[in-house]
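Working notes for the structure below.
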Amino acid sequence: METVSETRSHGGTQGVYRHASEATGTDMTFAVFMPDHEPDETLPAITFLSGLTCTHANVMEKGEYRAACVENGTAFIAPDTSPRGDNVPDAEDEYDFGKGAGFYLDATREPWAKHYRMRSYIEEELPRLIAENFPIDPARQSIAGHSMGGHGALTIGLRNPDRYRSVSAFSPIVAPSLVPWGEKAFSRYLGDDRATWREYDAIALIEDGAHPPPMLVDQGTADQFLEEQLQTERLIDACKAAGIDADIRMQEGYDHSYFFISTFMAEHVAWHAGHLSAG
């Protein structure tokens, strides 16, 4: 693992790191914020999955999480959203597919299958690397995300309820199998058999019996993608039908941007920290 940069901020260290990933077959860059702590202390951590077109840098630069992480004694991990590199296939001029749009799945169709393995990267490889290189407690983990990353956080949380103490999302794509962003990505990464899509769809996972750890979702009512791509009402209805006590909040007047995310980020960090400190 290579240190790209380490910068003092808010009583902690904001680092950016690079490593050769076995899952994606590429170099991957990620960010970790570590609050100051005692030499023998391990900290709980929140992993934040970003949305379409983003890298690790978007939330690192605009998410405004560091002060809240220091206050709550919580580390913050920000991975990239897809593999990168000259040899990685891409869909030029398509912001919602290819590089920057990994959808946190393991692709099975060519030419995507070799490198687009973000599920394996986030669920398996990155947690191992973090545990080996940072004083983070693997038993105290939570996951969060925005938009495509909100989809990733919800589905990963639903598939791994014993690994994550809590899951939260800003403006998540809750039913990607039923909206244009998801249908485009899933058909090209996974093929036309929609049965194979269900493990990457939060609504389908809930319908199939999955129950998440404690869940918090914030969605802006002025989000330009709400009606066509996000469809938060589907998640509300699915949770009610399954008896899942999720806290899904419609935030009046907020849009899809980091102005929205940064407004409520400290609440999400503190909410996760409460679950991470319990037990």
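The values are calculated or read from the model by the stated rules, or taken from the named source; none is laboratory data. Here the structure is a predicted model, which means the values were calculated and not measured. Note that each Cβ is placed from the backbone with ideal geometry, even for glycine, and that neighbours are counted across all protein chains shown. Keep in mind that these areas ignore ligands, DNA and RNA; they rest on the heavy atoms of the full protein, side chains included. Shrake-Rupley method; radii C 1.70, N 1.55, O 1.52, S 1.80 Å.
Residues checked against (1) open to solvent by less than 40 Å² (accessible area, probe 1.4 Å); (2) within 16 Å of M118 (Cβ to Cβ); (3) among the aromatic types (F, W, Y):
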site	(1), (2), (3)
Q14	yes, no, no
H19	yes, yes, no
A23	yes, yes, no
T29	yes, yes, no
M34	yes, no, no
E41	no, no, no
L49	yes, yes, no
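Within region 191-205, the residues that satisfy the criterion of being assigned to a helix (DSSP H, G or I) and either surrounded by 22 or more Cβ atoms within 10 Å (Cβ to Cβ) or without any contact (Cβ under 8 Å) to a residue 60 or more places away in the chain (or both) are R194, A195, W197, R198, E199, Y200, A202, I203, A204, L205. Among the residues making up region 114-139, those that are closer than 13 Å to T24 by Cβ and either open to solvent by 20 Å² or more (accessible area, probe 1.4 Å) or among the basic types (K, R) (or both) are K114, R117, R119, E124, E125, L129. Using the structure shown, decide if A153 is open to solvent by less than 10 Å² (accessible area, probe 1.4 Å) and part of a helix (DSSP H, G or I). Considered against the rule, which asks whether it is open to solvent by less than 10 Å² (accessible area, probe 1.4 Å) and part of a helix (DSSP H, G or I), A153 comes out as yes.
For P212, the criteria (1) assigned to a loop (DSSP other than H, G, I, E, B); (2) touching an Asp or Glu at 6+ places or on another chain (Cβ under 7 Å); (3) open to solvent by less than 50 Å² (accessible area, probe 1.4 Å) hold in every case but one, which is (2). If only residues of region 156-178 that are under 17 Å from E228 (Cβ atoms) and out of contact with any Gly (no Cβ under 9 Å at 6 or more places or on another chain) are counted, the one that is least open to solvent (accessible area, probe 1.4 Å) is S177. Please work out which residue is farthest from the chain's Cα centre (by Cα), limiting yourself to region 53-100 and to residues that are open to solvent by 50 Å² or more (accessible area, probe 1.4 Å) and not charged (D, E, K, R). Across region 53-100, the extreme among qualifying residues is N87. For the criterion of being closer than 21 Å to A113 by Cα, buried (at least 16 other Cβ atoms within 10 Å of the Cβ) and of a type outside the set (K, R), A185 passes. Pull out all pairs, ordered by first then second residue, where Cβ-Cβ is under 8 Å, the residues are six or more apart or on different chains, the first lies in region 107-124 and is over 14 Å from I143 (Cβ atoms), and the second is assigned to a helix (DSSP H, G or I) and open to solvent by 10 Å² or more (accessible area, probe 1.4 Å). From residues that are over 14 Å from I143 (Cβ atoms), the pairs are A107/L190; T108/L190; T108/T196; R109/R188; R109/L190; W112/R188.
Here region 242-266 is the region considered, the condition is being assigned to a helix (DSSP H, G or I) and without any contact (Cβ under 8 Å) to a residue 24 or more places away in the chain, and the residue that is surrounded by the fewest Cβ atoms within 10 Å (Cβ to Cβ) is F259.
Got a number for residues in region 60-97 being under 30 Å from L276 (Cβ atoms) and of a type outside the set (V, I, T)? Total satisfying the criteria: 20. Residue pairs whose Cβ atoms lie under 8 Å apart, sitting 6 or more positions apart in sequence or on different chains, and linking a residue in region 11-26 that is at positive phi to a partner that is in a loop (DSSP other than H, G, I, E, B) and open to solvent by less than 10 Å² (accessible area, probe 1.4 Å), are G25/P83.
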